[in-house]
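Just below is one structure, and these are the notes that go with it.
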Number of protein chains: 2
Amino acid sequence: MAKQQATHGLTERLQAVLKERGQRWTEQRQIIVDVLAASDGHATGAELVERVHEQDPSATPSTVYRTLDLLEELGLARHHHGPDGRETYHLEETLEHGHLHCRGCGAEQELSAAAAAPIMKAIAAATGFSADLDHLSLQGLCRRCGAAQGS
Amino acid sequence: MAKQQATHGLTERLQAVLKERGQRWTEQRQIIVDVLAASDGHATGAELVERVHEQDPSATPSTVYRTLDLLEELGLARHHHGPDGRETYHLEETLEHGHLHCRGCGAEQELSAAAAAPIMKAIAAATGFSADLDHLSLQGLCRRCGAAQGS
DNA sequence: GAGTCTATCGCAACACGTTGCAATAAGCAT
DNA sequence: ATGCTTATTGCAACGTGTTGCGATAGACTC
């Protein structure tokens, strides 16, 4: 399947990059990458820790978080903070996207790169910043809730 | 001074609102509001806990955080999450504003409501969301770092 | 002022992440 | 295969917030 392929390719890429940097490929890292690839879309740090622990009960949170940091450093994974400040991770393969949380109904919406383009442009125009879409996590009122409260 | 005045007014408003809701005005809440007013601009949860503890060693974190939640519920305070997920609080009297963190040089920039207006408009146009400016916390590259890395 | 009701407090335990350090084990050379 | 170097691990302790619960103490009535 495509997913297996992707995971496999990722592992190989990772091994190569690590070797080049004098770093090591370990069983734990394999497990963590697998878990991350398997948890399609998003997963919180705690969820990942738990799933990794299922696969290898000796694995500890510190290892998981350190590996996630490493993956981010290598540009293979990303994380952002939800409205409650908790961390959410996903593989870089997942399409880059932002997040919108509605404070009224609690709905969560994804924001595709295409939809975000004009927003990014506005940010750049107003501030000179080129913002990271993947780190963009907005809170506000969705159309429906805005209309309901707006009256 | 203006600040004292403002704080005083806040206390009175707060007492009135609480009474109306069948809630109570306590010494701890007074201290927490004072500390929040004194820490002009932003303060992390931990900082506030520490300062409150200085004023009243018997005060505990749970009280501080619960009071901050209450103040937010009443619309008198706000919090947002920094790039590390840590909480930052400020009084609602402070002008509404967003935050920009540069991933390159670590600089932090404030985003005034005026500057943000076109951004908010772009968000509304693209998504139907009316975003909370106070919860807006962008990460990206500032103009300088973007130019430096852009080459 | 004494009594009642219950919001709030302090405490203790928990959840999520992070960090320092000694032990382990990858990866390389012989 | 054996030994060496040092990146990585697991452990244990910490930092920041959150939650449940019994004790305290506001606010209101008599």
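Results, tabulated for the structure shown:
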{"quantity": "Cysteines, chain B, no other Cys beta-carbon under 4.7 Å", "calculated": "B:Cys105, B:Cys145"}
{"quantity": "Value of [θ]222 nm, deg cm²/dmol, for chain A, DSSP H segments ≥ 4, -39500 (n - 2.57) each, nearest 500", "calculated": "-16500 deg cm²/dmol"}
{"quantity": "Inter-copy separations for B:Trp25, label at 7 Å along Cα-Cβ, nm, ascending", "calculated": "6.8"}
{"quantity": "Nearest-20 debye value, the protein assembly as shown charge dipole, Cβ charges on Lys, Arg, Asp, Glu", "calculated": "620"}
{"quantity": "Cβ-vector label at 7 Å, B:Lys121, separations to other copies in nm", "calculated": "1.3"}
{"quantity": "Cut-off 20 Å, label 7 Å out along Cα→Cβ of B:Glu96, residues of the range A:129-150 by amide N", "calculated": "A:137-150"}
{"quantity": "Dipole of the protein assembly as shown, positive direction: furthest Cα of B:Val52, A:Ala117, B:Gly98, with charges on the beta-carbon", "calculated": "A:Ala117"}
{"quantity": "Other-copy label distances relative to B:Glu92, 7 angstrom Cα-Cβ extension, nm", "calculated": "4.3"}
{"quantity": "Over the protein assembly as shown: Kirkwood hydrodynamic radius from C-alpha pairwise inverse distances, Å", "calculated": "21.7"}
{"quantity": "The range A:10-151, relative contact order [Cα under 8 Å, separation at least 6], %", "calculated": "18"}
{"quantity": "Under Karplus coefficients 6.51, -1.76 and 1.60, residue-wise ³J(HN,Hα) of the range A:56-63 in Hz, glycine/proline x", "calculated": "9, x, 7, 5, 10, x, 4, 4"}
{"quantity": "Label-point separation in nm, A:Gln15 to B:Leu74, each point 7 Å along Cα→Cβ", "calculated": "6.2"}
{"quantity": "Coordinate range along principal axes, alpha carbons of the range A:1-126, Å, largest first", "calculated": "44, 30, 30"}
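Read-outs throughout are calculated quantities, based only on the coordinates presented, and are distinct from any laboratory measurement. Predicted model, so just to flag it, every value in this text is computed and none were measured. Neighbour counts are summed over all protein chains in view; Cβ atoms, including those assigned to glycine, are modelled from backbone coordinates with ideal geometry.
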